[in-house]
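Following: one structure in structure tokens, then a few remarks.
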Amino acid sequence: MLNRYFSIMVILTALLSGTAGLSTTVQAQQQGEVPGQSLGLSSDSDLWRYVRTGNAGSTQMKNELSAVMIQSEGDNWRAFRNGPLSNVGAFAVMGIIGLLVVFYFIRGKIRIDAGPSGDTILRFGTIDRFAHWLMAGSFVVLGITGLNLLYGRYILLPVIGKDAFAAFTTFGKYAHNYLAFAFMAGLALSFVLWVRHNVPNRLDLEWLKAGGGIFKKGVHPPARKFNAGQKIIFWAVMIGGLSVSLSGIALLFPFQTSMFADTFALLNVIGFNLPTDMTGMQEQQLNQLWHGIVSMALMTMIIAHIYIGSVGMEGAIAAMNTGHVDRNWAKEHHNLWVEEEDQKGSPKPAE
Ligand code: HEM
């Protein structure tokens, strides 16, 4: 009997203390605390503000980036990539193609005014042509596979279906990763071979003033081996190509570089006020955007180059095909270079 009475007392005590506990929890929740006091005394808003502004907590995982729950710059990165970068890029590439079509219909193919002479002159040796096609071939594949990453899901996927698109994109990713090195090699070789012909001089201003003679039949401003237009392409390809290569390497080997923080620090010396305290993730996001911007600008320019080097101008492609160009073509577009070459070939006048 005593035992039974004791058990009832224990159960009642437990129930009463439980209810009391419940009422304190309810009160605590009404005061903004979390059951169990697991968050200590700091307020929820302070905690979430801390998390929302990209601060790192602590984690058992080896990768320190996993301690960041919310990285707001990611929103900005995605908005810029899917917004201005994609839109302006598409507009630029489609725009230049449209302009070239209009140019073709107005000006037509730029012919050799004097007609082909049948006599040729060596313009680019084997090593020059190898460097050009190594750089050009890899650039074209890099451009197509890169465009697929930006626009493929909207343009290609609906046409070829999921499986083919997945296979093409996987293949494209490997091609893009490995051919990047062929492009860099072609770029470096072209630089070494052609830089001495691409030093700007006063003749270039004359060439530019005459619009290179490409808008009017019969106009041929003087030029040496490379005219001002080609020099612009050369330097844009070299500087842009180097920049795309560096940002590409940073994307291939993530979180190893601080190129943006370093560049911003340099720019701050000349009066800019750019952030220099960036996380590895922010560096990656900026690398990706920069890689996209510069490569789209290069593609836009190279489309015009491909046009003028092939269908746009009679006789030009021979320079990179056999290496020999028609003498009349050379005289019209690079008269001073022809003179230099002829002087090299002819015996020196007796002094
Ligand atoms: C894929 C099609 C291409 C064609 C048909 C083509 C054609 C040509 C031709 C004919 C020349 C010699 C022009 C001359 O004799 O004066 C040339 C030069 C050159 N190409 Fe290309 N090219 C192509 C792609 C590229 C690409 C993708 C790049 C760079 C990424 C490039 C960079 C250059 C440079 C730097 C030069 C020397 C400067 C100049 O002539 O503008 N080419 N190309």
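Values in this text are rule-based calculations from the coordinates and carry no lab data. Since we're looking at a predicted model, the values are computed, not measured. Backbone-built Cβ (ideal geometry, glycine too); neighbour counts: all protein chains shown.
Taking only DSSP H segments of four or more residues, each worth -39500 (n - 2.57), what value at 222 nm results for the chain once the sum is divided by all its residues, to the nearest 500 deg cm²/dmol?
Values: 14 runs with 231 residues, N = 351.
Taken over the chain, the calculation gives -22000 deg cm²/dmol.
What number comes out for the charge environment of P116, summing +1 per Lys or Arg and -1 per Asp or Glu over other residues with Cβ under 10 Å away? Provide the component values of the computation, followed by the final result.
Numbers: positive: R111, R327; negative: D119, E314, D326.
Its environment carries a net charge of -1.
What net charge do the residues around L246 carry, taking every other residue with its C-beta under 15 Å from that of L246, with Lys and Arg at +1 and Asp and Glu at -1? Numbers along the way, then the final one.
Numbers: positive: none; negative: D262, E283.
Summing Lys and Arg as +1 and Asp and Glu as -1 gives -2.
Given the options M296, M184, M69, which has the most mean-square fluctuation in a GNM of the chain, springs set between C-alpha atoms less than 10 angstrom apart?
Answer for the Gaussian network model of the chain: M69.
Fewest first, what order do D44, D163 take by the number of other Cβ atoms within 10 Å?
Fewest to most other Cβ atoms nearby, the residues stand as D163, D44.
Send over the per residue convex hull volume for segment 40-142, Cα only, as a whole number of Å³.
Numbers: hull volume 18.7 nm³, N = 103.
Hull volume over Cα atoms, normalised by residue count, gives 181 Å³.
Can you list which of the trypsin sites (Lys or Arg not before Pro) found in segment 101-150 are DSSP loop residues with at most 14 other C-beta atoms within 10 Å? Working shown, then result.
Numbers: sites: R107, K109, R111, R123, R129; in loops: K109, R111, R123.
Here the trypsin sites (Lys or Arg not before Pro) that fit, given the DSSP loop and packing criteria, are K109, R111.
Considering just Cα atoms, how many Å³ per residue does the convex hull of the chain enclose?
In the chain, the Cα convex hull volume per residue is 254 Å³.
Exposure proxy check: Y50, Y174 ranked by fewest other beta carbons within 10 Å?
Values: Y50 15, Y174 10.
With the sparsest Cβ surroundings first, the list reads Y174, Y50.
With Cβ to Cβ distances under 15 Å as the rule, what net charge do the other residues near Y154 carry (K, R +1; D, E -1)? Before the final figure, lay out each step's value.
On the way: positive: R81, R153, K162; negative: none.
Once all neighbours under 15 Å are counted, the net charge is +3.
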